[in-house]
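*Asks:* This is the structure, below, for whatever I ask next.
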Amino acid sequence: MKKITLSLLLLFLIACSKPEVKKEALINQKKVPQYSIEQFYKNNRVSGGSFNNEETQLVISSDESGIFNVFEIDIKTGQKKQLTFSEKESFFAIGEIPNSDKLIYTADKGGDENNHLYLLNKEGNFTDLTPGNKVKVSFKNWSEDKKSMFYLSNKRDQKYFDLYKMNLNNWKSNVVYKNEKGFNINNISHNENIYCVSKSITTSENKLFLLDRKTNKRIEISTEKGLYSGSGFSKDDTYFYYTTNVGKEFEYLVKYEISTENKEVLYETNWDVMYSYLSKNEKYRVIGINEDGKTNLIIKDNATGKNIDFPEIPDGDIKGVNISESEKLMRLTVGTSKSTNNIYLYNFETKELKQLTNTMNQELDANNLVSAKVVRYKSFDGLEIPAIYYKPLMASEENKVPALVWVHGGPGGQSRVGYFSLIQFLVNHGYAVLAVNNRGSSGYGKTFNKMDDLNHGDKDLQDCIWGKKWLQEQNYIDVDKIGIIGGSYGGYMTMAAMAFTPDEFKTGVNIFGVTNWLRTLKSIPPHWESFKQALYTELGDPNTQDSVRLYNISPLFHADKIKNPVMVLQGANDPRVLQVESDEMVAEMRKNNIPVEYVLFPDEGHGFRKKENEIKGYGQILEFLDKYLKGAKPIKP
């Protein structure tokens, strides 16, 4: 009895001498409720948010019906009304037609990306305004007199987009700019006399021009090599605005006087200016900054030059803004790392910020989800790699968890702070997730962005492996249970990791990923023609000697080296990564007796549009990981 008493006393004294350890242990004992995939996808997604003519409603798209449809929101009451009732195709709102109660929306067929523009009346009847087989169309803007709309279409030539002007009274259209040289049309002046057009050279360089329709004069803005993007004209068309990174690491905003060709830097910081535009009557200028994976919004009063202060949304990432024509109201789309995007209304006069939507499933408690954290780690050559990190709440040194390296799409994409149901679902079920921004990612300067050119599947892959090493340094990670997951380019990186470094990752999940660069680059959709050469410059031209390197970095031709289980998800209508790529990849792995789970979606393209498919696909990802990663046997030393 005495022995037991002394032992208990000793344990008590040790615990008291390290109160922080005791406190941490108690915290880690907290039970975190696990939510189902169905609960996560009871969340709704919203997009768009244009004001109607009276500025009493917003027209948005929402997938609360299970697929995206068009809704309108009363900005006083927040009440939503569903306007379209599609059960098959996703409908995305453009907005209300000026001086009319009719709407324009856009939709494709089964994810084939050949979008058309549709007219919707208040009775719910719709008309395809831009019909045609294999025709892709995108809305540009309304004319200044509100009697016409501009749109881009490859109807004449599938490779190039011409600019059309459609009369809003009789719905007749005509070509106002025939694009025969592969230009991209960025902006149209208010008087319609000047077009801003660009031409891709590489993914990190392009040309920017102003075309005067009256004189046929073409002024080149891009007199120095760099990246350029048009940001619109002043209301009197005296000035043109654009962003560029010429002479700098990051993109900045420039004011260009058309008559004199004088240039003036309007705004710059040590991050990229993502976009900028003026409100209807130039009362405000909106500037979006890509600040370390999160959007920082600046709104300037043009009369005073001062920044407009509006209420801060904690942990908020502003996805988009739209200022009404009266310049009294502003729509904001805002998400946080552990809550879905919502639409807010800000009143410039009253300073009131009002939330109009509540897209989060009330069965989910945000306190049980995880805030994203920006981290950095050193790669194999000492280069600092930024990443977005999600640590499970239940993870501790006593309760080690498996982990995943997440790779974004692209190439040239960026993992950003923001809500993604799949990541939160996986983290909620005990998986740490490190979303790496490997070299070649955007948002961290042009030098970093170009570091993976003609080097894919090599140094960028090493960045992912060193992300794995960073995870292994965390004392709450099960070092033997780390997998890799990604979509599109991230799917390629997943398969590259499994084939070229087969001992690094215990599992791989490939979502719509490239496995054969030779086929992918040769089967680029026709409407990507103007961007094709830029892709070839970054990745390699499959019709040249580059084909040798492209063969060598294509996982399909090295499937015999894969050792560990892989899951593949693929859309049958994907125009970018053809189904045959995943079919062949899966067949090769099965031939070599590698455990493979293949989930094919007959009604999806390059990514998910339908909730039922997300629930099916993402739910099976967790089952796969639980079986092959979390349930994997420890590696013997």
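The values are calculated or read from the model by the stated rules, or taken from the named source; none is laboratory data. Quick caveat, the model's predicted, so the values are computed rather than measured. Cβ atoms come from the backbone with ideal geometry, glycine included; neighbour counts cover every protein chain shown.
*Asks:* For the subset of the stretch 400-411 comprising residues that are outside any strand (DSSP E or B) and more than 11 Å from the chain's Cα centre (by Cα), which member is nearest to residue 496 (Cα to Cα)?
*Replies:* By that ranking, first place goes to 411.
*Asks:* Okay, moving on. Just wondering, is there one or more residues in the stretch 522-530 that are at pLDDT below 95 and touching a helix residue (DSSP H, G or I) at 6+ places or on another chain (Cβ under 8 Å)?
*Replies:* Scanning the stretch 522-530, I find at least one residue that is at pLDDT below 95 and touching a helix residue (DSSP H, G or I) at 6+ places or on another chain (Cβ under 8 Å), so the answer is yes.
*Asks:* I need every pair where a residue in the stretch 560-583 that is touching a residue at least 60 places away in the same chain (Cβ under 8 Å) has its Cβ under 7 Å from the Cβ of a residue that is among the basic types (Lys, Arg), sequence separation at least 6 or different chains.
*Replies:* 564/506; 581/519
*Asks:* Do you know which residues across the stretch 586-619 are of a type in the set (A, V, I, L, M) and either touching a Leu at 6+ places or on another chain (Cβ under 9 Å) or assigned to a helix (DSSP H, G or I) (or both)?
*Replies:* Listed by number, the residues that qualify are 586, 587, 589, 599, 600, 615.
*Asks:* Kindly list the number of the only condition in (1) in contact with a helix residue (DSSP H, G or I) (Cβ under 6 Å, 6 or more places away or on another chain); (2) at pLDDT 95 or above that fails for residue 553.
*Replies:* That leaves (1) as the condition not met.
*Asks:* Among the residues of the stretch 410-466, write down those that are touching a strand residue (DSSP E or B) at 6+ places or on another chain (Cβ under 7 Å) and among the β-branched types (Val, Ile, Thr).
*Replies:* 417, 423, 427, 433, 436
*Asks:* With surrounded by fewer than 23 Cβ atoms within 10 Å (Cβ to Cβ), under 30 Å from residue 33 (Cα atoms) and touching a residue at least 40 places away in the same chain (Cβ under 8 Å) as the only criterion, which of 402, 392 stands out?
*Replies:* Result: 392 is the single residue among 402, 392 that is surrounded by fewer than 23 Cβ atoms within 10 Å (Cβ to Cβ), under 30 Å from residue 33 (Cα atoms) and touching a residue at least 40 places away in the same chain (Cβ under 8 Å).
*Asks:* Can you tell me which residue among 225, 255, 248, 235 is surrounded by fewer than 18 Cβ atoms within 10 Å (Cβ to Cβ), part of a strand (DSSP E or B) and among the basic types (Lys, Arg)?
*Replies:* Result: 255 is the single residue among 225, 255, 248, 235 that is surrounded by fewer than 18 Cβ atoms within 10 Å (Cβ to Cβ), part of a strand (DSSP E or B) and among the basic types (Lys, Arg).
*Asks:* Answer yes or no: is there a residue in the stretch 95-110 that is among the acidic types (Asp, Glu), part of a loop (DSSP other than H, G, I, E, B), buried (at least 18 other Cβ atoms within 10 Å of the Cβ) and assigned by TED's automatic domain parsing to the domain that holds residue 155.
*Replies:* Yes, that holds for at least one residue.
*Asks:* If you don't mind, there's one more thing I want to ask. Between 345, 332, which is in contact (Cβ under 8 Å) with a residue 40 or more places away in the chain, of a type in the set (A, V, I, L, M, F, W, C) and closer than 30 Å to residue 364 by Cα?
*Replies:* Result of the check over 345, 332: 345.
*Asks:* Something else about it: Report those strands (runs of 3 or more DSSP E) wholly inside the stretch 155-204 carrying at least 2 residues which are within 28 Å of the chain's Cα centre (by Cα).
*Replies:* 162-167, 184-188, 194-202
*Asks:* Of all residues being touching a residue at least 60 places away in the same chain (Cβ under 8 Å) and not in a loop (DSSP other than H, G, I, E, B) in the stretch 360-385, which is surrounded by the most Cβ atoms within 10 Å (Cβ to Cβ)? Just the residue, please.
*Replies:* 385
*Asks:* Here are some conditions: (1) assigned by TED's automatic domain parsing to the domain that holds residue 464; (2) crowded, with 16+ Cβ neighbours inside 10 Å; (3) not hydroxyl-bearing (Ser, Thr, Tyr). Residue 348 meets all but one. Which one does it not meet?
*Replies:* (1)
*Asks:* Still on this structure, please answer the following. Return the residues of the stretch 558-583 that are over 11 Å from residue 500 (Cα atoms) and assigned to a helix (DSSP H, G or I); say none if nothing qualifies.
*Replies:* Across the stretch 558-583, the qualifying residues are 579, 580, 581, 582, 583.
*Asks:* Only one of these conditions is not met by residue 286: (1) of a type in the set (A, V, I, L, M, F, W, C); (2) under 21 Å from the mean Cα position of the chain (by Cα); (3) modelled with pLDDT under 95. Which number is it?
*Replies:* Unmet condition: (3).
*Asks:* Oh, and also: Could you check, for the stretch 312-334, whether at least one of its residues is over 18 Å from residue 355 (Cβ atoms) and either exposed (fewer than 13 other Cβ atoms within 10 Å of the Cβ) or in contact with a helix residue (DSSP H, G or I) (Cβ under 7 Å, 6 or more places away or on another chain) (or both)?
*Replies:* Scanning the stretch 312-334 turns up no residue that is over 18 Å from residue 355 (Cβ atoms) and either exposed (fewer than 13 other Cβ atoms within 10 Å of the Cβ) or in contact with a helix residue (DSSP H, G or I) (Cβ under 7 Å, 6 or more places away or on another chain) (or both).
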